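Visitor: Questions regarding the structure given below will be posed in turn.
The values are calculated or read from the model by the stated rules, or taken from the named source; none is laboratory data. Keep in mind it's a predicted model, so treat the numbers as computed, not measured. Here the Cβ positions follow ideal geometry from the backbone for every residue, glycine too, while neighbour counts run over all protein chains shown. Each accessible area value is taken on the protein alone, full model and side chains, heavy atoms only, with ligands, DNA and RNA left out. Shrake-Rupley method; radii C 1.70, N 1.55, O 1.52, S 1.80 Å.
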Amino acid sequence: MTLEADANLLEDVRERAPYDAADLLETLPAPAGVRVLEALNPMVAQQVLHEMTDEHRCAIIAAAPIEKARQWMRNREYPEDSVGWLMEPPVAVFRPSMTVRGTIEALRKLTKRAFITYGYVTDESNKLLGVLVFRDLMLGKPESLLSEVMYTTIFALRPDMELTEAMQKTVNRHLPVYPVCDAEGRLLGLVRGQNLFEARAIEISAQAGTMMGVNDEERLSTPVMHSLKFRHPWLQINLVTAFLAAGVVGYFESTLDRLVLLAAFLPVLAGQSGNTGCQALAVALRGMTLGDLKDGDERRLVIKEGTLGLLNGMLVGLTAGIAMFIYARMLGNPSAIMLGIVVLLSMIASCIVSGLCGALIPLALRKLGADPATASSIFLTTATDVVSMGVFLGLATILV
């Protein structure tokens, strides 16, 4: 396969979802698949390998360089959203008793088959002792030992660390490569800073779709039937939940028959409460994604969003209540003042509940072990519609 063909294949794979990329690579010779996977972000490469059949996965691993094959197999032992899936094999690994001259000669050979940023010094048990910087090697005395020129203050990531936590710990360090060690300090692999933040960006970019029930693997190139399979179940769920809101309206049908003008304010109420909930949902998901929402902060988040719902509901409800009063007076309704009060109270109650739901729904999903962004907007819309319409029509029935 030519270099141009390799580049075109790589671009095609990058535009596909992992399952679709796996299907494509399974039709190609194993060496071509290895070259593509080595050029991908390590996490994406692991996702593609995960989607392959056992037979093709074994063929790819068998065709890969021994260090890369071992690393791919080791990475599969860790959770998908973890540093472990991003690890690359450490190539420039030396013993502390080696000299600077010997290390430089070894690096001359190693750089011909791998891109090396730092060297790493380990003991016989592979415990990481220090990091080598090329500048210090070049300026060091040829007969000096690595134990004399290496940096012993080591910053390392853990393989089971979530990407969010790893991103927080590395954001102010700006190192091109980070070693990954287990609890005993043994060197397991390397993670490039670019790959770490790229993987996190890929995950964040999928969040907006998952909020609306769009699978995070769907791409522009995804076939129509696959997209239908991803999206349609959530639309069926949304339809069932919409029937709940319709049932609330149907329950107060007699009230709507007597006060037809109420129907004009139903979409206003639902829209405002829905927007309030979406704002709270966006803040909650952003806090989870960036790691700002620590354990114990849930109560503070819920109280804040409930308070904002109250304040926003009062301000928006006052405007909507005045609009209802003017509208009812124009139609000659004798209960114009009471209808304005109903709109005000309904807007306050709806915005409070919407703010609380926007914070509580992703927290509940995370507590249950589910993705907090998964179709959260669908559940939020149902809650806000049912509450806003129920409170509005209920108060109108009682007070008017």
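Visitor: Expressed in nm to one decimal, what extension gain is obtained for the pair residue 264 and residue 197 from 0.36 nm per residue of sequence separation less their Cα-Cα distance?
Guide: The span from residue 264 to residue 197 would gain 19.3 nm if fully extended.
Visitor: Given the options 381, 350, 340, identify the residue whose Cα lies farthest towards the positive end of the charge dipole of segment 280-400 (+1 on Cβ of Lys, Arg; -1 on Cβ of Asp, Glu).
Guide: 340
Visitor: Right, something else. With the crude spin-label approximation of a point 7 Å out along Cα→Cβ, what separation in nm comes out for residue 63 versus residue 251?
Guide: 6.2
Visitor: Determine the gain in length on full extension of the stretch residue 311-residue 323; use 0.36 nm per residue of separation and subtract their C-alpha separation, reporting nm with one decimal.
Guide: 2.5 nm
Visitor: Could you please state, rounded to a whole Å, how far the C-alpha centre of segment 88-109 is from the C-alpha centre of segment 133-151?
Guide: 11
Visitor: Moving on. May I ask you to compute the full-extension gain from residue 74 to residue 134, defined as 0.36 nm times their residue separation minus their alpha-carbon distance, rounded to one decimal in nm?
Guide: Full extension of this stretch gives 18.8 nm more.
Visitor: Which Cα, out of 13, 41, 52, lies furthest along the positive dipole direction of segment 9-78 (beta carbon charges, K/R +1, D/E -1)?
Guide: 41
Visitor: Just to confirm the filter: which trypsin sites (Lys or Arg not before Pro) across segment 101-131 are DSSP coil and have at most 10 other Cβ within 10 angstrom of their Cβ?
Guide: 112, 113
Visitor: So if R0 is 35 Å, what FRET efficiency would residue 28 and residue 93 give, r being the distance between their Cβ atoms, rounded to the nearest 0.05?
Guide: 0.60
Visitor: A further question follows. Give, rounded to the nearest 20 debye, the magnitude of the charge dipole that segment 1-106 has about its Cα centre when Lys and Arg contribute +1 at Cβ and Asp and Glu contribute -1 at Cβ.
Guide: 680
Visitor: Would you please name the GluC sites (Glu not before Pro) within segment 42-145 that are DSSP coil residues with at most 15 other C-beta atoms within 10 Å of their C-beta?
Guide: 77, 80, 124, 143
Visitor: Determine the dipole magnitude for segment 62-150: charges of +1 sit on the beta-carbon of Lys and Arg, -1 on that of Asp and Glu, nothing else is charged, the reference point is the Cα centre, and the result goes in debye to the nearest 20.
Guide: It works out to roughly 400 debye.
Visitor: Something else now. Taking a threshold of 30 Å on the Cα-Cα distance, which of the pairs 68/127; 127/169; 304/367; 68/169; 169/367; 68/294 fall above it?
Guide: Long pairs (Cα-Cα over 30 Å): 68/294.
Visitor: Each label point is 7 Å from the Cα along the Cα-to-Cβ direction; what then is the distance between the points at residue 152 and residue 172, in nm?
Guide: Placing both labels 7 Å along Cα→Cβ, they lie 2.6 nm apart.
Visitor: Kindly report, to the nearest 10 Å², the accessible surface of residue 327 as traced by a 1.4 Å probe over protein heavy atoms only.
Guide: 80
Visitor: Roll a 1.4 angstrom probe over the protein heavy atoms and tell me the percent of accessible area of segment 74-160 that is carbon or sulfur.
Guide: Whole-percent figure for carbon plus sulfur exposure: 52.
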